[in-house]
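Here is the structure we will look at.
No value in this document is a laboratory result; all are computed from the given coordinates. Quantities reported herein were computed from a predicted structural model and do not represent experimental measurements. Glycine also receives a Cβ, built like all others from the backbone with ideal geometry; neighbour counts cover every protein chain displayed.
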Amino acid sequence: MPDVRPEIFFGAGRFNQSTTMDLRYKKLFLGVFLPVLFFLGAAVSAQSADAGLTASPQIIDGQAQAKDLLEYEFTVRNDSEQFRQFYIFVSDWDELSGRQDDADPSGLDRSLSLASWMSIKRGVYEMMPKTEIVIPLKINVNLNAKPGRRHAAITFAEGGDRPAAAGNMAAGGQPQALVNLEIVEEIIEKAQIADFKAEKNVWFRAPVNFTLTIKNIGNRPVQPQGFFYIFNRRGQEIEKIPLGFDAPAISPSSVWTYNFSWKNEDVRGRFRGRLEMEYGTASPRDLLDSIFFWVIPVRYLWFAAGALLALLILVIIVFFRLRPRSDWAPDDPIRGHDGVINLKKEK
């Protein structure tokens with residue numbers, strides 16, 4: 001009977017050797033790697049438990065015009081297990097250099113500084129563990145704000161007092177939000193009629209002269225164009241005069257004066273002039289006005305003067321013919337009350 005024990009023993013020896021190696025690896029894993037993993041996990045857990053302050057949103061993009069009021073909110077969270085205390089710092093941010101300028105209001109150009117337009121509580125904030133607060137932010141755009149992009153950084157810096165918080169902010173690593181605001185220039189196309197009149201109310205001969213003055217009170221050049229319509233007493237249009245089509249644009253805060261005439265020798269009477277002009281590219285606007293004037297040619301005046309003179313003469317003649325004579329007397333023998341001559345002699 002063949003002896004197989006050595007083979008079995010040999011196989012058992014291989015099995016026992018493999019088992020011994022596995023036990024060694026297990027001991028190495030339990031004695032070295034597991035503690036390392038434990039400490040790494042503990043460190044990660046400690047870091048998560050001591051995450052500190054977070055602020056959101058981290059970026060605010062907006063667009064506004066001068067005099068606008070914008071309102072935003074920041075949410076600050078204390079995700080740690082510790083009491084936290086922080087201060088807020090607001091600084092202008094240079095887009096090219098990334099440099100933060102001091103936001104001391106006394107040294108800022110209020111037409112350019114976004115930080116000077118911001119209103120936010122900058123005192124001390126205290127937060128208990130695992131809490132959050134909402135901090136309002138108002139941006140009151142300056143009346144004289146210049147167009148362009150503006151940037152400001154808001155830092156939520158921890159510290160026992162403000163100088164300590166400022167030091168932590170300079171060292172970096174503090175929660176921060178960036179505000180980007182584009183100032184869009186408000187386009188104002190606005191003009192008004194400063195003066196519009198006929199040089200005289202009554203004209204005895206052509207031409208009739210008019211003066212039109214328009215003032216640009218907006219911030220964009222304007223070029224009013226339109227017509228001057230003339231109507232007779234029956235409301236019929238008898239003339240249409242173009243205005244402003246060849247005139248240059250009126251610059252902001254400038255005045256444009258235009259003198260024009262109407263010549264028609266065959267008209268007379270009372271007339272109404274109607275001015276209708278339009279200007280503006282974005283949203284066209286109207287300039288409207290009306291005036292009244294008289295045209296009385298000289299020949300009609302001579303005719304009227306002759307007629308008045310003839311009427312005056314006629315009135316004078318009639319007046320003297322109907323008026324009784326002042327030299328008549330009751331005892332006049334020639335004239336009597338009844339118009340009969342008394343030939344009797346009185347004794």
Checklist entry - For the residues ILE59, ILE217, what sequence is obtained by ranking on other C-beta atoms within 10 Å, fewest first? => result ILE59, ILE217
Checklist entry - Could you put TRP117, TRP256, TRP294 in order, starting from the residue whose Cβ has the fewest other Cβ atoms within 10 Å? => result TRP294, TRP256, TRP117
Item to check | Of LYS67/LYS138; LYS240/LYS263; LYS197/LYS263; LYS67/LYS146; LYS200/LYS263; LYS215/LYS240, pairs whose Cα-Cα distance is over 20 Å | outcome: LYS215/LYS240
Checklist entry - At each listed q (0.13 Å⁻¹), what is the log10 of I(q)/I(0) that the Debye formula gives for region 191-295 modelled as equal alpha-carbon point scatterers? => result -0.48
Checklist outcome for this item: Whole-Å distance linking the alpha carbon centroid of region 162-180 with that of region 238-302 is 66 Å
Next on the checklist: In region 243-259, whose amide N lies under 14 Å from the spot 7 Å out along Cα-to-Cβ of GLN225? List them in ranges.
Outcome noted: 243-250
Next on the checklist: Going 7 Å from the Cα of TRP294 along its beta-carbon direction, which residues of region 189-208 have the amide nitrogen within less than 11 Å of the resulting point?
Outcome noted: 201-204
Checklist entry - From a point 7 Å beyond the Cα of LYS67 in the direction of its Cβ, which residues of region 243-271 have a backbone N at a distance under 17 Å? => result 253
Item to check | Selection from ILE217, LEU181, GLN192, by position along the positive dipole direction of region 177-224 (Cβ) | outcome: GLN192
Checklist outcome for this item: Per the Cα gyration tensor, region 53-183 corresponds to an equivalent ellipsoid with semi-axes, largest first in Å, of 27, 16, 12
Checklist outcome for this item: Going fewest to most other Cβ atoms within 10 Å around each Cβ, VAL124, VAL179 line up as VAL124, VAL179
